[in-house]
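See structure below.
The values are calculated or read from the model by the stated rules, or taken from the named source; none is laboratory data. Model, not experiment: these values are computed from the prediction. Cβ coordinates were reconstructed from backbone atoms using ideal geometry, including for glycine residues, and neighbour counts include every protein chain displayed.
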Amino acid sequence: MLAQTPPMGWNSWNTFGPEIEESLIRETADAFLCEGLKDAGYEYVVIDDLWEADARVNGRLTWDQDKFPAGIPALAEYVHSKGLKFGLYSCAGTHTCGRKPASFGYEEVDAWTFAEWGVDFLKYDFCFVPPGVDGPSLYRKMGQALRATGRPILFSICEWGMNKPWKWGASVGGHMWRTTGDIADSWESIVHIGFERQAGLEPYAGPGHWNDPDMLVVGMYGKGNVARGGCTDAEYRSHFSLWCLLAAPLMIGCDVRHMTGATREILLNREAIAVNQDALGRQGYRVGKVDYAGEIAEVWAKPLVDGSIAVGLFNLGNMSGRLIGVAWESLGLDDRRPCLVRDLWAHEDIGVFTGDFTARVDSHDVALVRITPQR
């Protein structure tokens, strides 16, 4: 069964956009191993739009020969040789968002083509859909075509939440589905897409089917295709913490060949990743929000399979050193129950607390903790 935990990997779009080519993908696959990403659980190397040639050949998609002289099948084989999985992009409309040939009317032949090439992950976009055509039906058609190949291909639905795919994505064979429009490398975008748009979607996620608030912008620092000014390390830490609590797919968007030490620390945080990959498969939910004169603090919680609860205390405002707390009662715990609190960024136990826990959190930062009831 695919995607029993949220998929983890890398996608080319955020940093490179149209500037993709064969050596970049090979070097990225190499970086998965030498930077420790594979060992941390990241496995999918996904090429986004603009890999395609300008026209089909004998009715089949083919690749841009200048960008990929050895061909997509050879590139997939190289990625597989590293113990990783290979992903491609197509679109439910007549053309991709980059105006390349897409899969409308060619769903079966394209699915077989992807399977023959060794594709393990398909990101399926929603541009240039003919007027009057029902969007969910197009995703159902591709989902059926992918299953008919017999190859296990993870199906990533990317119609930007237009038709509320959380309500039907799993029924058409989707393993993950975008809940919003595209993320940008800015704190404002992280707050809008993550904190404002994901609350209430938790009933629709679980093993094999996940809400997708879009790719990670951690480590971009204002560079790349979706640059909008960049974020601080604290903001990237909050971003990654929330995505882990949301049980969101962790698809890296930065250039993993050239990560800073801070980026490595965030993306390779095994304790945060363990929250994301927890076998219970529960998406986190917002348990509290305080807005004091525009200074917003939020608390999010995610139950874990061992009975502990991961909690994020987020300072979304500009007030530095704000005290943010969580009461046991809001987590469904007896307020007399002693609980061990562990800091998942400092990687240390803080102590045993009863009734509640409070942390001092800097502006746009987070305290990510694991609360474990004691006997």
*asked:* Please list, ordered by residue number, the helices (runs of 4 or more DSSP H) wholly in the stretch 213-312 having 3 or more residues that are farther than 14 Å from Gly194 by Cβ and in the same structural domain as Leu24 (by TED's automatic domain parsing).
replied: 261-267, 270-276
*If only one of Asp291, Asp306 is over 26 Å from Glu43 (Cα atoms) and surrounded by fewer than 17 Cβ atoms within 10 Å (Cβ to Cβ), which one is it?*
Asp291
*Taking the stretch 37-68 only, how many residues are in contact (Cβ under 8 Å) with a residue 60 or more places away in the chain and in contact with a Lys or Arg (Cβ under 8 Å, 6 or more places away or on another chain)?*
5
*Subset of the stretch 215-270 that is among the basic types (Lys, Arg) and at pLDDT below 95 - its residue that is farthest from Arg26 (Cα to Cα)*: Arg228
_Lone qualifier among Tyr78, Tyr139, Tyr124 - being of a type outside the set (Gly, Ala, Ser), touching a Cys at 6+ places or on another chain (Cβ under 9 Å) and under 29 Å from Gly41 (Cβ atoms)_ = Tyr124
*What are the residues in the stretch 69-88 that are within 26 Å of the chain's Cα centre (by Cα) and not aliphatic (A, V, I, L, M), if any?*
Pro73, Glu77, Tyr78, His80, Ser81, Lys82, Gly83, Lys85, Phe86, Gly87
*asked:* Cys91 - would you say it is more than 27 Å from Asp30 (Cβ to Cβ), within 21 Å of the chain's Cα centre (by Cα) and surrounded by fewer than 24 Cβ atoms within 10 Å (Cβ to Cβ)?
replied: no
